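See below for the structure under consideration.
Every number in this text was worked out from the coordinates using simple rules, so none of it is lab data. These figures come from a predicted structure and were not determined experimentally. Neighbour counts are summed over all protein chains in view; Cβ atoms, including those assigned to glycine, are modelled from backbone coordinates with ideal geometry.
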Amino acid sequence: MRKINEINLEKIFKGKKVPILTLDERWHELFPDYDKPGHIKEIESKLNNLIKEQGKLTNDMKDMKILKSKLMQEIIAHMDVNDTEIGKLKAKKLDRNQKLIKELSDKMNHTEDELIKLPYQIKEVNEKLIIESVKVCYARLNKNKQRAAEIAKWVLKIRNELKEKILEKQDMEMKNTSIYSYMHDMLGPELLQELDEELKNI
């Protein structure tokens, strides 16, 4: 039987559709916190941080879209600039909003780039976590299998010893019955009962 370390797990899992492990209850059942190896915790933490980052950037993107839309509406509302005081204020606001929209657009482009990269990064780290988890699970399976075989061997040995002890016990009981029977015939029932009563008090 081949060992798990001899199998190319990367090749097996590459491109396969697998769940995000840290979001899967079954994975948490297999790896409760008290029984989670250090290297698994490390990859889990990395994966969770990427998922959080994706959630945060998605929310940031929504907020930026709302803000950009609001700024665009303000630009439309303040298009009528002129040389009056109010007109100059509108021109200032228009200029400021245009700068903000430019900054926002740059930030949105950057966020969009990050959001395009993140699913691939999540998939990559998730695959790494699957591979390491499978290695740990198979190591545990082998360890449990070996221990079960040792216990089975021990049970067989004890069972044979138990059979011998039961036979020995039966032999002792038969010998005692014979001894008692001879004594009963030899001494008589009354004398034997008297002896028995005396021996009870010892």
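Note down the nm distance, to one decimal, between modelled labels 7 Å out along Cα→Cβ at residue 102 and at residue 138.
Computed distance between label sites residue 102 and residue 138 equals 5.8 nm.
Can you work out ³J(HN,Hα) from phi for every residue in segment 121-131, in order, using Karplus 6.51 cos²θ - 1.76 cosθ + 1.60 and θ = phi - 60°, giving whole Hz and x for Gly and Pro?
5, 4, 4, 4, 5, 4, 4, 5, 5, 4, 4
Please turn the phi angles of segment 153-170 into ³J(HN,Hα) values with the Karplus equation 6.51 cos²θ - 1.76 cosθ + 1.60 (θ = phi - 60°), one per residue in order, whole Hz, x for glycine and proline.
Karplus-based 3J(HN,Hα) across segment 153-170 equals 5, 4, 4, 4, 4, 5, 4, 5, 5, 4, 4, 4, 5, 5, 5, 4, 4, 4 Hz.
Give me 154, 27 ranked fewest to most by other Cβ atoms within 10 Å of their Cβ, as a rough exposure proxy.
Sorted ascending by nearby Cβ count, the order is 154, 27.
With a cut-off of 19 Å, note down the residues of segment 144-158 whose backbone N falls inside the zone around a label point 7 Å from the Cα of residue 170 toward its beta carbon.
Inside the label zone: 158.
Note down the relative contact order for segment 17-124 as a percent, whole number, built from C-alpha pairs under 8 angstrom at least six residues apart.
30 percent
With a 10 Å cut-off between alpha carbons and a GNM built on the chain, which of 40, 76, 116 moves the most?
76
Starting from the Cα gyration tensor of segment 1-79, take the square roots of the eigenvalues, sort them a ≥ b ≥ c, and report rounded, prolate or oblate (rounded when a/c is under 1.5, otherwise prolate if a/b is larger than b/c, else oblate). Working shown, then result.
Working: a/c = 4.65, a/b = 2.81, b/c = 1.66.
The shape class here is prolate.
In nm, to one decimal, how far is the modelled label at residue 157 from the one at residue 13, with both set 7 Å along Cα→Cβ?
3.9 nm
Anyone know which of 177, 111, 84 comes out most mobile in the 10 Å Cα GNM of the chain?
In the Gaussian network model the winner is 177.
Please give the Cα centre distance for segment 139-199 versus segment 15-58, rounded to the nearest Å.
56 Å
Pairs 17/46; 14/145; 65/93; 65/99; 143/165; 36/145: which are spaced more than 23 Å apart, C-alpha to C-alpha?
14/145; 143/165
Read phi for every residue in segment 34-42 and hand back ³J(HN,Hα) as whole Hz from Karplus 6.51 cos²θ - 1.76 cosθ + 1.60, θ = phi - 60°, with x for Gly and Pro.
6, 10, 10, x, x, 5, 6, 4, 4
Between 76, 105, 193, whose Cα lies farthest towards the positive end of the dipole of the chain when Lys and Arg beta carbons carry +1 and Asp and Glu beta carbons carry -1, centred on the Cα centre?
Sorting the options by dipole projection puts first 76.
In whole percent, what relative contact order does the chain give with Cα contacts below 8 Å and a gap of six or more residues?
Reported as a whole number, the value is 27 percent.
What's the magnitude of the charge dipole for the chain around its Cα centre, counting Lys and Arg as +1 and Asp and Glu as -1 at the beta-carbon? Answer in Debye, nearest 20.
Once rounded to the nearest 20, the dipole reads 1900 debye.
Match the structure shown to one of the listed values (1) 41.1, 142; (2) 18.4, 62; (3) 20.8, 63 of Rg and Dmax of the Cα atoms in Å, computed from it, and give that label.
Checking each listed value against the structure points to (1).
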